[in-house]
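Written below as structure tokens is the structure these notes are about.
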Amino acid sequence: MYRLISAGFFRESEGADVGYPLFFKEKSNCLYICETDNYNLILNFFMVPELNDYDIVNLDDGGYFSAGDLMPILIRDAAGRVSLFSYEECLNRLDELSKGKSPIFRYNLCSILGLEIDKQIENLERISGQYFSNTNNSASWLFIEHNSIHSDINFWSAAQKEKEDKSQYIMSVTGISDINDVLRWLMRPASISNRKWYDVWRIAKELMPQEKLIYGSAVRWISDKYNLLNSREFTDNQDFMEILFYIVEDGDDIEQVSDILEELLTEQPDTIPYFLRSVGSYRNLRRILSDVQAWDPLQAIDRFARLRGYVPS
């Protein structure tokens with residue numbers, strides 16, 4: 001679960017009254033933003049690389065969110081106070097919330113709500129009439145924005161079709177009749193040895209990125225494979241390395257693979273760059289190596305992290 005702790009607003013922007021939710025995940029010490037679909041449903045969370053372009057307003061109690069929840073909508077009033085609205089509440093009070101605000105504010109809000117194209121074009125025409133005195137410039141800008149809206153619609157239609165195709169692939173490989181049963185299939189002992197297990201797991205992770213059993217099945221699969229491979233064979237198995245990195249990146253219950261990480265990084269220190277692809281993975285890896293007192297690989301990842309700029313030199 002990710003806790004909503006603050007809102008980010010673009011500086012020097014007339015539409016800055018609509019903010020971006022910023023989340024915190026325990027043990028990570030990083031801020032996250034969320035990715036949503038065209039219906040404002042949260043798909044995934046990503047670490048925020050930098051916040052230089054944002055004004056940050058802290059929230060007292062933003063609540064907890066996970067994939068599948070509707071993204072909260074954050075609006076700042078003239079006094080600088082931030083209010084949190086649900087999708088339904090914002091939709092029902094659109095005219096009230098937009099009263100006295102710029103056309104850009106209303107357009108941003110309508111875009112977030114995913115309103116029908118006619119509503120969005122209507123707002124674009126209001127913006128054009130207010131901000132362009134030259135008719136040709138206005139027409140050119142409207143043409144570009146109209147195409148952008150249609151491109152978004154086509155993108156989300158294609159994304160939905162791709163999601164349906166992936167679900168069909170999983171069901172054909174596993175023999176299940178309901179995509180929701182895929183988690184049960186991944187956890188079954190008989191499925192672990194299936195050569196298509198990684199393909200099914202990878203697609204299931206895309207479709208249900210925050211489902212806890214996705215992580216649990218990865219840990220179980222890694223543990224089973226670890227008993228069959230020696231450390232020299234780890235790096236030759238791309239599926240094994242990719243799932244192990246996923247566990248390191250996520251950080252939850254990384255303790256369950258501490259023995260694997262200690263052995264791999266001690267015997268094959270050249271694999272360190274593979275796991276230090278982000279500040280988050282470095283912090284998680286450092287924490288677990290400190291806990292198990294694996295001093296040699298710990299010193300090695302610190303040296304590499306300094307080269308990457310994750311820690312001061």
Practice problem: Only loop residues by DSSP count here, and only those with at most 12 other Cβ atoms within 10 Å; note down the GluC sites (Glu not before Pro) in segment 6-79 that meet that. | Solution: E12, E26, E50
Exercise. Arrange S133, S191 by Cβ neighbour counts within 10 Å, fewest through most, would you?
Key: S133, S191
Quiz prompt | Net charge of neighbours whose Cβ lies under 14 Å from the Cβ of I192, counting Lys and Arg as +1 and Asp and Glu as -1 | solution = +3
Practice problem: List Y310, Y32 from most exposed to least, where exposure is judged by having the fewest other Cβ atoms within 10 Å. | Solution: Y310, Y32
Quiz item: In whole angstrom, how far apart do the alpha carbon centroids of segment 115-150 and segment 244-262 sit?
Solution: 49 Å
Quiz item: Which net charge results when you count Lys and Arg as +1 and Asp and Glu as -1 among the other residues whose beta-carbon is under 14 Å from that of I5?
Solution: -1
Quiz item: How many times 2.2 N^0.38 Å is the alpha carbon radius of gyration of segment 2-131?
Solution: 1.06
Quiz prompt | Helix 135-174 axis, angle to the chain major axis (alpha carbon atoms, nearest 10°) | solution = 30 degrees
Exercise. Work out the length of the dipole vector of the chain about its Cα centre, built from +1 on the beta-carbon of each Lys and Arg and -1 on the beta-carbon of each Asp and Glu, and round it to the nearest 20 debye.
Key: 200 debye
Exercise. For the chain, compute Rh as the Kirkwood radius over C-alpha pairs and then the Stokes-Einstein diffusion coefficient at 10 °C and 1.306 mPa s; write the answer in µm²/s, rounded to an integer.
Key: 70 µm²/s
Practice problem: Rounded to the nearest 10 degrees, what's the angle between the helix 117-131 long axis and the longest principal axis of the chain, both from Cα atoms, 0 to 90? | Solution: 60 degrees
Quiz item: Once Rh for segment 158-313 is found with the Kirkwood sum over Cα pairs, what is the Stokes-Einstein diffusion coefficient at 4 °C and 1.567 mPa s, in µm²/s?
Solution: 78 µm²/s
Exercise. Excluding E122 itself, calculate the net charge of residues whose Cβ lies under 15 Å from the Cβ of E122, where each Lys or Arg counts +1 and each Asp or Glu counts -1.
Key: -2
Exercise. For K101, go through the lysines and keep the ones whose alpha-carbon is under 29 Å away, minus same-chain ones fewer than eight residues off.
Key: K119
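No lab work stands behind these numbers, since they all come straight from the coordinates. Given the structure is predicted, the values throughout are model-derived calculations rather than measurements. Methodologically, a virtual Cβ is constructed for each residue, glycine included, from the backbone with ideal geometry; neighbour enumeration extends over all protein chains shown.
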